Amino acid sequence: MKLVFAGTPEVAVPALDALIASDRHEVAAVVTRPDAPAGRGRRLVASPVAERAQEAGIEVLKPAKPRDEEFLARLREIAPDCCPVVAYGALLPKVALDVPARGWVNLHFSLLPAWRGAAPVQQSLMAGDEVTGASTFLIEEGLDSGPVYGVLTEEIRPTDTSGDLLTRLAFAGAGLLAATMDGIEDDTLHAVPQPHEGVTLAPKITVEDAQIQWSAPALRVDRVVRGCTPAPGAWTLFRGERLKLIQAAPVLDRTDLAPGELSAAKNNVYVGTGSHAVELLWVQPQGKKPMKGADWARGVRIAHGELLGL
């Protein structure tokens with residue numbers, strides 16, 4: 001089939017690579033979000049998908065909105081059979097959905113109908129799921145509600161961050177998306193409607209969502225830290241400044257600390273929660289580089305009974 005691939009961040013690149021490598025399909029063009037400011041100089045930078053497409057000599061389309069008439073006209077000229085999508089980052093209007101004969105097929109990082117929305121991996125981790133996965137489905141006008149072509153499952157490991165899990169799903173999902181394209185071309189794969197039961201939503205994680213509530217149980221604190229790493233980054237307040245929490249671990253045998261109360265030893269620093277303590281393994285003070293929790297604690301000289309949070 002002739003394909004137009006839509007995607008933007010690094011997590012979409014493995015799927016693009018898998019389709020470029022396929023001897024059964026032609027990636028005629030790539031659709032991605034416009035260049036965005038990045039770095040200290042805030043200069044405009046192309047998306048990872050745009051950079052990979054340019055390396056491969058593939059035409060890159062960067063519409064401000066996918067309903068822009070110039071973009072739609074070019075899409076009709078290319079006349080793709082199907083448009084595979086991975087984390088494109090914009091809602092597709094019906095006028096665009098109607099262009100490819102086989103539709104737009106999305107690779108979504110959850111077991112649909114669970115975790116429809118922008119942050120399925122983060123929300124799955126924060127909810128304490130033990131298993132997640134990826135799904136390919138035909139895009140409709142609803143939010144991730146279209147019929148499903150295929151799924152794969154992935155076990156969530158006890159120390160997984162959202163970055164760890166998303167990386168594994170990106171590479172496993174690349175194979176699923178390529179196989180879905182093959183099945184659509186062969187007419188051996190047919191989409192099955194999603195069940196009405198089990199629908200959960202996965203809205204984007206905000207900075208406010210990532211603030212640690214020390215009155216919550218330690219397992220909840222651990223899940224929020226892992227779910228928000230690397231982005232947007234779990235955080236708390238220490239002496240009125242933000243302290244980013246990169247890695248923490250529940251300490252089941254310590255229950256002597258009040259929620260938010262700090263306790264520093266020579267090689268460890270602990271903080272109380274609504275249940276038992278957690279150890280701060282890696283943190284990042286405001287304006288500084290990441291460091292071991294114990295090194296941070298030695299540097300700030302924690303006072304007896306000092307608290308994290310408000």
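The values are calculated or read from the model by the stated rules, or taken from the named source; none is laboratory data. As the structure is a computational prediction, the values presented were derived from the model and not from experiment. FYI the Cβ positions are ideal-geometry reconstructions off the backbone, even for glycines, and counts take in every protein chain you see. What goes into the accessible areas is simple: the full protein's heavy atoms, side chains included, and nothing from ligands, DNA or RNA. Shrake-Rupley method; radii C 1.70, N 1.55, O 1.52, S 1.80 Å.
Being of a type in the set (A, V, I, L, M, F, W, C) and either under 15 Å from the mean Cα position of the chain (by Cα) or buried (at least 21 other Cβ atoms within 10 Å of the Cβ) (or both) holds for only one residue in Ala79, Ala119, and it is Ala119. With the structure loaded, tell me whether Thr255 is of a type in the set (Ser, Thr, Tyr), open to solvent by 50 Å² or more (accessible area, probe 1.4 Å) and in contact with a strand residue (DSSP E or B) (Cβ under 8 Å, 6 or more places away or on another chain) or whether it fails that test. Yes; evaluated as a whole, the condition is true for this residue.
Checked against (1) touching a strand residue (DSSP E or B) at 6+ places or on another chain (Cβ under 8 Å); (2) over 30 Å from Pro158 (Cβ atoms); (3) open to solvent by less than 40 Å² (accessible area, probe 1.4 Å), Leu72 meets all criteria but (1). Within 18 Å of Arg24 (Cβ to Cβ) and part of a strand (DSSP E or B) - does that describe any residue in segment 129-145? Yes, segment 129-145 contains a residue that is within 18 Å of Arg24 (Cβ to Cβ) and part of a strand (DSSP E or B). On inspection, Arg157 passes the criterion of being in contact with a Leu (Cβ under 9 Å, 6 or more places away or on another chain), free of Cβ contacts under 8 Å to residues at least 24 places away in the same chain and of a type outside the set (Ser, Thr, Tyr).
Filter segment 55-65 down to the residues that are within 18 Å of Lys2 (Cα to Cα) and more than 24 Å from the chain's Cα centre (by Cα), then identify the one that is least open to solvent (accessible area, probe 1.4 Å). In this case the residue turns out to be Ile58. The condition of being in a loop (DSSP other than H, G, I, E, B) and either of a type in the set (Ser, Thr, Tyr) or modelled with pLDDT of 95 or more (or both) holds for only one of Pro250, Pro232, that being Pro232. Within the option set Thr153, Thr200, Thr188, Thr167, being at pLDDT 95 or above, within 18 Å of Glu10 (Cα to Cα), surrounded by fewer than 23 Cβ atoms within 10 Å (Cβ to Cβ) and of a type in the set (S, T, N, Q) holds for one residue only, Thr167. Within segment 198-227, residues that are in a loop (DSSP other than H, G, I, E, B) sit with their Cβ atoms under 6 Å from residues that are open to solvent by 60 Å² or more (accessible area, probe 1.4 Å) and not acidic (Asp, Glu), at 6+ positions apart or across chains, in these pairs: Lys204/Ala118; Trp214/Pro259; Ser215/Pro259.
The C-beta contact set for segment 67-81 (first residue closer than 14 Å to Phe5 by Cα, second residue among the small types (Gly, Ala, Ser) and outside any helix (DSSP H, G or I), distance under 7 angstrom, 6+ apart or interchain) comprises Ile78/Ala28; Ile78/Ala29; Pro80/Ala28; Asp81/Ala101. Here is a list: Ala248, Ala264, Ala277. Which entry is within 15 Å of Ala303 (Cβ to Cβ) and either buried (at least 17 other Cβ atoms within 10 Å of the Cβ) or of a type in the set (D, E, K, R) (or both)? The conditions single out Ala264.
Checking Val13, Val49, Val30 one by one, the residue that is assigned to a strand (DSSP E or B) and either under 24 Å from the mean Cα position of the chain (by Cα) or at pLDDT below 95 (or both) is Val30 and no other. Of all residues in segment 102-117, those that are over 13 Å from Ser162 (Cα atoms) and assigned to a loop (DSSP other than H, G, I, E, B) total 8.
Restricting Leu176, Leu169, Leu92 to those that are touching a strand residue (DSSP E or B) at 6+ places or on another chain (Cβ under 7 Å) and not in a helix (DSSP H, G or I) reduces the list to Leu92.
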